[in-house]
Structures are given as C-alpha cells and as structure tokens.
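Here is the structure we will look at, set down as structure tokens.
The values are calculated or read from the model by the stated rules, or taken from the named source; none is laboratory data. Nothing here was measured: the structure is a model prediction, and the numbers come from that model. With ideal geometry, Cβ positions are generated from the backbone for all residues, glycine too; neighbour counts draw on all protein chains shown. Ligands, DNA and RNA are excluded from the accessible area calculation, which covers all protein heavy atoms including side chains. Shrake-Rupley method; radii C 1.70, N 1.55, O 1.52, S 1.80 Å.
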Amino acid sequence: MAIQLDIAVLSLFVLLASIHKAQSIVIDVVANHGAKADGRTDLNTPLMNAWKQACASPTLTKIIIPKGNYLLSRATFEGPCKAHIILQVDGTVQAPANPNAFKTPDWVVFSRVDGITMLGSGVFDGQGATAWGKNTCSKDKFCPALPVNLRFNFVKNAMVQDITTKNSKQFNVNVLGCQNITFHHFTVTNPGDSVNTDGIHIGRSVGVNILDSTIQTGDDCVSLGDGSKNVNIQRIKCGPGHGISVGSLGKWKAEEPVAGIYVKDCTITDTTNGVRIKTWPAAEAGSATDMHFEGITLNNVGFPILIDQEYCPWNQCNLKAPSKVKLSKISFKNVQGTATTKEAVKIVCSKSLPCDEVELADIDITYKGPGGPAISQCSHVNPKLTGKMNPPACTVEGTKIAAN
C-alpha cells in the first residue's frame with residue numbers, strides 16, 4: 001500500500017509539471033478585476049468574478065493574487081469547472097478579526113472542484129487571536145463553531161504547495177470528502193496556546209498526502225477523523241501542538257472505518273503527545289486498521305507513543321463503559337527521542353475489543369524528569385516486539401490518561 005501511495009504522489013507531481021508547461025489564460029485580480037491591496041477593501045467581489053471567469057473557461061486558467069495585503073470577508077470557490085484552475089497566491093489575505101463577522105464556521109472554501117492547484121508565497125491570515133479566548137468547548141459540548149481558515153469539501157485532484165495558513169480562529173485546514181489531494185511544502189503557524197486550532201483535519205477522504213511541511217499549532221498538527229483512508233504523512237515538522245493523531249473516533253453514530261494511515265520520517269517537538277490513536281468510551285461502534293508510524297524523532301514530547309481508548313476530554317463521557325471502536329494492524333517502528341512524561345509508551349485498548357496485531361519495533365525513548373526512568377504501560381493488548389525496546393515494553397498495567 002505504501003508503494004501505491006508513492007505512485008499516486010508521483011503521478012500528481014507529474015500532472016502538476018504538465019499543467020505548468022501548458023499555455024493558460026491569466027487573470028490578475030488587481031489588473032483585471034480592480035482588487036485593491038490596501039488591507040481595507042474587500043477582495044470578495046474581484047476574486048469571485050475572477051473565479052467565475054476561470055471556472056467557465058474550457059482551457060487551463062491561472063488566477064493571480066499579487067503581493068500586497070488584502071482583506072477578504074469570505075470566499076467560496078464552487079465547482080464543477082470546465083478545466084483545471086491554478087490559484088497563485090502571492091499576497092497576504094486577511095480575515096475579519098471579529099468572529100461575529102462570520103455567520104457560518106468557514107472563511108475560504110473550495111467545494112466540488114475537480115482539478116485545482118493552489119501555490120505561491122502567499123499567506124491566509126485568520127487573525128484568530130480575538131477568538132481563541134471565546135472557545136467554550138471545555139465547558140460546553142454544544143459550543144459554537146468558529147470559522148476554519150481553509151475548507152476543502154468534496155474536492156478531487158488537488159495540490160496545495162508553498163502556501164501558509166496562520167492564526168486560524170479554529171482548524172487551519174479541514175479536508176472533507178476529498179479524493180487525491182496533496183499538501184506540499186505547506187506551512188501552518190498558530191501559537192501553542194491557541195485553542196482547537198488543528199493544523200490539518202481529515203475526514204471521509206481518500207488519498208490525502210501531507211509532505212515536507214511545517215505545522216505549529218495549539219492542537220493536533222494533523223488529525224484524522226472517521227473515513228480517512230490511504231493517508232500518507234511524510235517528513236513533517238510538528239510542534240508545538242498535540243502531535244499527530246488518529247481520532248478521536250467513536251463519538252458519533254455511523255462513523256466510517258479508518259484504514260491505511262502511514263506516518264513516516266516525521267520530527268515532533270515540544271508537543272503534549274507524539275503519535276497517538278484516540279477513541280471515546282461509552283459511545284458508538286467503529287473500526288480503524290492498517291495504521292503505521294515509522295521513523296519518528298521526538299524532542300521533549302509528552303506521551304510519545306499513545307493508544308488511548310479511554311479518551312475523555314473535559315470529562316464529557318462515561319469511563320465505565322469501554323470503547324466500541326476496534327483497532328487492529330498497528331505498528332510503531334524506529335521511534336526515538338526524549339519525553340517529558342514518564343509514560344513513554346502507553347497503549348490502553350478497549351477491554352471489550354482488545355487491540356489486535358500491534359507491533360513495537362526499535363523503540364528508544366528517554367525520560368530524565370521526576371520519577372524516571374521512562375516506563376511502558378499496556379492494557380488489553382499483546383504486542384509483537386522486535387529490536388531495541390527502551391523502555392522495556394508493557395512492564396506496567398495501564399492507567400487513566402489526562403486527555404488533551
């Protein structure tokens with residue numbers, strides 16, 4: 001499967017190269033549609049007029065947002081379109097700072113587009129500082145949703161390259177119902193204390209690639225929700241944040257299976273978790289299988305290797321009933337570095353559906369804090385062990401983990 005993923009990524013790069021060589025219509029939002037790079041005039045109308053023109057074109061079209069500062073109230077790039085479109089963003093595009101300016105939890109949306117490349121040196125700035133303190137999810141399970149910087153809804157054959165998203169009010173990127181979408185040399189920049197600002201969240205999507213990117217945020221660098229399949233995450237620099245996570249799963253009815261997750265050659269620094277899988281107890285049934293974490297370098301990371309099937313943030317669940325999400329075919333290989341928690345390896349599986357086919361290989365994690373050295377805790381799992389094992393595997397019975 002990993003070979004198939006590499007072929008898919010290579011094919012997309014070949015497609016991108018061929019697109020760049022092709023002749024295209026060029027639409028400059030300033031020169032052709034009167035946009036003003038003054039940081040005050042709304043870019044919405046010029047940008048949407050340019051998109052309408054590009055979407056109707058039967059040949060490749062490039063839209064350019066030149067260097068400069070632009071205010072954008074909101075934008076929805078709606079498909080289907082007649083041909084591939086390149087959106088070249090070289091300017092800084094800013095959202096309204098006031099979260100009350102948004103009637104829906106989105107800012108920039110790509111919807112039902114087949115064939116889109118977004119590239120350039122540009123920045124999408126969500127100006128989220130005023131919103132982070134208004135996040136009430138720690139107290140209210142029905143908390144209102146804040147706008148996401150970039151949404152990709154039911155998009156196919158897409159490439160996002162060299163773009164930056166920063167200071168999102170909620171998630172930086174949300175990928176839903178997509179097929180064959182790649183983020184390459186992508187940058188996410190949010191403060192470590194910005195609440196619920198996942199770097200890239202993926203759900204119900206097939207063939208998502210996140211490559212050679214840097215993600216700094218206040219929540220998961222990458223989070224994979226239900227229905228995530230054939231996801232390839234390679235050479236990511238993650239941190240600060242909450243690490244790279246599968247889940248949380250099992251909270252909602254009719255969640256789709258997760259399968260084929262590959263996280264390889266990533267560096268995780270100053271995060272509250274490393275690589276983890278999290279499912280809710282006392283909730284809905286589901287499954288996640290074929291998940292592999294390999295070549296992970298850790299620098300001052302809490303809970304470096306974590307399977308938590310008792311995930312219960314803000315005490316919003318019943319821990320007496322076990323998780324109904326079945327986990328299987330999971331490997332952690334060549335995971336090395338330093339931990340900030342004594343529990344370097346913690347695998348807490350469901351007592352009603354124990355984890356199957358879990359493998360630990362060449363683990364070398366050190367902890368030098370109070371109560372050291374590092375320990376490895378396991379519940380309801382019998383992992384296969386190969387190579388170096390520091391700390392010694394599964395020498396302590398699992399206990400409750402503080403969720404975040």
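Taking into account only those residues within the range 151-181 that are more than 17 Å from residue 222 (Cα to Cα) and assigned to a loop (DSSP other than H, G, I, E, B), which is least open to solvent (accessible area, probe 1.4 Å)?
Taking the candidates together, the pick is 155.
Every residue, every condition in (1) touching a strand residue (DSSP E or B) at 6+ places or on another chain (Cβ under 6 Å); (2) within 12 Å of residue 307 (Cα to Cα), yes or no:
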{"site": "328", "(1), (2)": "yes, yes"}
{"site": "332", "(1), (2)": "yes, yes"}
{"site": "338", "(1), (2)": "yes, no"}
{"site": "352", "(1), (2)": "no, no"}
{"site": "358", "(1), (2)": "yes, yes"}
{"site": "377", "(1), (2)": "yes, yes"}
{"site": "384", "(1), (2)": "yes, no"}
{"site": "389", "(1), (2)": "yes, no"}
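Would you confirm, using the coordinates I've provided, whether residue 353 is over 21 Å from residue 385 (Cβ atoms), buried (at least 16 other Cβ atoms within 10 Å of the Cβ) and among the aliphatic types (A, V, I, L, M)?
Values: over 21 Å from residue 385 (Cβ atoms): yes; buried (at least 16 other Cβ atoms within 10 Å of the Cβ): yes; among the aliphatic types (A, V, I, L, M): yes.
In short, yes.
Considering only the range 73-129, state which residues are open to solvent by 10 Å² or more (accessible area, probe 1.4 Å), in a strand (DSSP E or B) and either under 16 Å from residue 24 (Cβ atoms) or at pLDDT below 95 (or both).
Matches in the range 73-129: 88, 119.
Does residue 64 qualify as being open to solvent by less than 40 Å² (accessible area, probe 1.4 Å) and more than 23 Å from the chain's Cα centre (by Cα)?
yes
List pairs: first in the range 168-190 and more than 19 Å from residue 154 (Cα to Cα), second basic (Lys, Arg) and open to solvent by 10 Å² or more (accessible area, probe 1.4 Å), Cβ under 6 Å, 6+ apart or cross-chain?
189/166
Which members of the range 378-395 meet the condition of being surrounded by fewer than 16 Cβ atoms within 10 Å (Cβ to Cβ) and within 16 Å of residue 350 (Cα to Cα)?
382
Please pick out the residue among 377, 336 that is more than 19 Å from residue 245 (Cβ to Cβ) and in a strand (DSSP E or B).
Every option except 336 fails the conditions.
State all residues of the range 229-244 that are under 13 Å from the mean Cα position of the chain (by Cα) and under 14 Å from residue 192 (Cα atoms); if no residue qualifies, say none. Quick ask: steps written out before the conclusion?
Going residue by residue through the range 229-244, those that are under 13 Å from the mean Cα position of the chain (by Cα) are 231-234, 236-239, 241-244.
Across the range 229-244, the qualifying residues are 238, 239, 241, 242, 243.
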